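Participant: Have a look at the structure that comes next, please.
Since every read-out is calculated from the coordinates, none of them should be taken as a lab result. Worth saying up front: this structure is predicted, and the values here are computed from it rather than measured. When we count neighbours, we look across all protein chains shown, and the Cβ atoms used for this are built from the backbone with ideal geometry, even at glycine.
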Amino acid sequence: MHEQECSQAPTVCEAAAHGYTGTGMRAEANVEHNRSRRHSFPATCQFCHEVITHVALAMHEHECSQAPTVCEAAAHGCTWAGLRWEANEHHAICLRVICLQMARHTQAEYEVEWDELQRQLAEMAL
């Protein structure tokens with residue numbers, strides 16, 4: 001029991017299976033060694049199965065073309081779901097997405113007009 005918990009016992013680097021070395025370190029040194037090396041450990045994307053570094057995994061999976069996604073108009077009733085690489089094709093024909101884009105454009109135009117009217121009113125008040 002003591003041998004398993006002893007901070008002076010030799011231990012093996014977590015990444016030894018990936019070719020990294022670190023055998024024979026004390027357990028307390030191994031913790032720091034693993035912390036400093038973890039960013040370069042290999043990791044596999046759960047969507048496309050590409051092997052990349054551990055540090056790059058989160059960003060890769062956030063942008064991975066094989067990741068599942070939903071329509072940007074899902075909150076407005078569109079039920080389409082597919083892979084990220086298919087989304088642009090869907091968004092080009094989705095009436096809900098097209099309406100949202102038109103509404104955003106119209107809102108931006110109104111905001112510009114509103115700002116201009118506010119400016120004119122401020123000039124009249126002088």
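Participant: Applying the Karplus parametrisation 6.51 cos²θ - 1.76 cosθ + 1.60 with θ = phi - 60° to the phi angles of the range 43-51, what ³J(HN,Hα) value in whole Hz is obtained for each residue in order, glycine and proline being reported as x?
Facilitator: Once θ is set to phi - 60°, the couplings for the range 43-51 become 9, 10, 5, 6, 9, 10, 6, 5, 8 Hz.
Participant: Along the Cα→Cβ direction, 7 angstrom out, place labels at Ser40 and His76. What is the inter-label distance in nm?
Facilitator: A separation of 4.8 nm, rounded to one decimal place.
Participant: How many nm is it between the label spots at Glu109 and His60, if each spot is 7 Å from the Cα in line with the beta carbon?
Facilitator: 4.5 nm
Participant: For the range 74-91, take each phi angle, set θ = phi - 60°, evaluate the Karplus expression 6.51 cos²θ - 1.76 cosθ + 1.60, and give the result in whole Hz per residue in order, putting x for glycine and proline.
Facilitator: In residue order, the calculated couplings are 4, 5, 10, x, 6, 9, 5, 9, x, 8, 3, 5, 8, 5, 4, 4, 5, 4 Hz.
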